[in-house]
Amino acid sequence: DLVAFSLNEYNLGNVIESKKNVLKAKAKNPNRPEAYGYLGKFSYDEFDYHAAQDYYNNAIKFAEDKSPYRVCLANCYVQTGNYRTAILVFNNLIKFDPNYAKAHSAKAMCLLKIDKYDKASIEIDEAIKLDPTEPFNYMNKSYLLSVLALREVNENIKSELLEDALENIKLAMNIDSTEISTHYNNNLALVHMEMGNLEKSLELLSIDTNRVTINNTGIYLEKIGNKDEAY
């Protein structure tokens, strides 16, 4: 199966070979939704969100189970700033399946982007209730708490929100055994930075080196007044 082989190649880092196999699979069967789905994923990972939208729309057209591709399409809308359009997609998914935890979680992040904090909190709590084993639900909860903390003028309440944010990241790390879990240190570092724990923040950012840790190290350097090195 060229599509399954393509995903394996992609996970191994053989992106060009992976794309070739998916395109071959699509040429053999132009109505195969998985092929469009993987092409959408590849485009999304390359930040070509408009191309990803086109692929996901084709996947939706041919798929029997359209929900996963609709979530991916809505995520493309999120990345291009079309939060209200994404919310409409998530609302339809939730209407069809009220227990669809991923739709609740993703909708929460969209509501957060348009400053609907109370509604965002309700949605992310519902996602955690429906799927307490999904680490990204706790990561989204942590992000929501961090945003609320940055808006808070009462230092005691701000501290409580940041502590709660830390706990949710730790919950995610305890659940997630994949390689992705190492990237949660970035989130921990940013929360510690806001709490004033700058040494702890730098320690977490030093665990791994990638473009996110480099960017966040720049934020750290700016915090301590070293703007030239931050730049």
Requested in this report: Test each condition in (1) under 23 Å from residue 111 (Cβ atoms); (2) in contact with a helix residue (DSSP H, G or I) (Cβ under 9 Å, 6 or more places away or on another chain); (3) open to solvent by 80 Å² or more (accessible area, probe 1.4 Å) for residue 191 and report the one that comes out false.
Outcome: (3)
Query raised in the report: farther than 23 Å from residue 186 by Cβ, open to solvent by 40 Å² or more (accessible area, probe 1.4 Å) and modelled with pLDDT under 90 - does that describe any residue in region 37-59?
Result: yes
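Considering only region 173-188, state which residues are assigned to a helix (DSSP H, G or I) and open to solvent by 50 Å² or more (accessible area, probe 1.4 Å).
Correct list: 173, 174, 175, 179, 180, 182, 183, 187.
Looking for whichever is open to solvent by 80 Å² or more (accessible area, probe 1.4 Å), farther than 23 Å from residue 172 by Cα and in contact (Cβ under 8 Å) with a residue 24 or more places away in the chain here; the options are 207, 224, 219. Which one fits? Break it down stepwise before answering.
Working: 207 fails: farther than 23 Å from residue 172 by Cα; 219 fails: open to solvent by 80 Å² or more (accessible area, probe 1.4 Å).
Answer to the check: 224.
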Report summary line: Listed by first then second residue, the pairs whose first member lies in region 145-171 and is β-branched (Val, Ile, Thr), whose partner is surrounded by fewer than 20 Cβ atoms within 10 Å (Cβ to Cβ), with beta carbons under 6 Å and at least 6 positions apart or on separate chains, are 169/184
Report task. Report whether or not residue 170 is open to solvent by 30 Å² or more (accessible area, probe 1.4 Å) and more than 24 Å from residue 219 (Cβ to Cβ). Result -> no
Report summary line: Note: among 62, 96, just one is touching a Ser or Thr at 6+ places or on another chain (Cβ under 8 Å) and among the aromatic types (Phe, Trp, Tyr), namely 96
Query raised in the report: Would you say residue 93 is more than 17 Å from the chain's Cα centre (by Cα), farther than 24 Å from residue 6 by Cβ and crowded, with 17+ Cβ neighbours inside 10 Å?
Result: yes
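The values are calculated or read from the model by the stated rules, or taken from the named source; none is laboratory data. The structure displayed is predicted, hence computed values, not measured ones. With ideal geometry, Cβ positions are generated from the backbone for all residues, glycine too; neighbour counts draw on all protein chains shown. Each accessible area value is taken on the protein alone, full model and side chains, heavy atoms only, with ligands, DNA and RNA left out. Shrake-Rupley method; radii C 1.70, N 1.55, O 1.52, S 1.80 Å.
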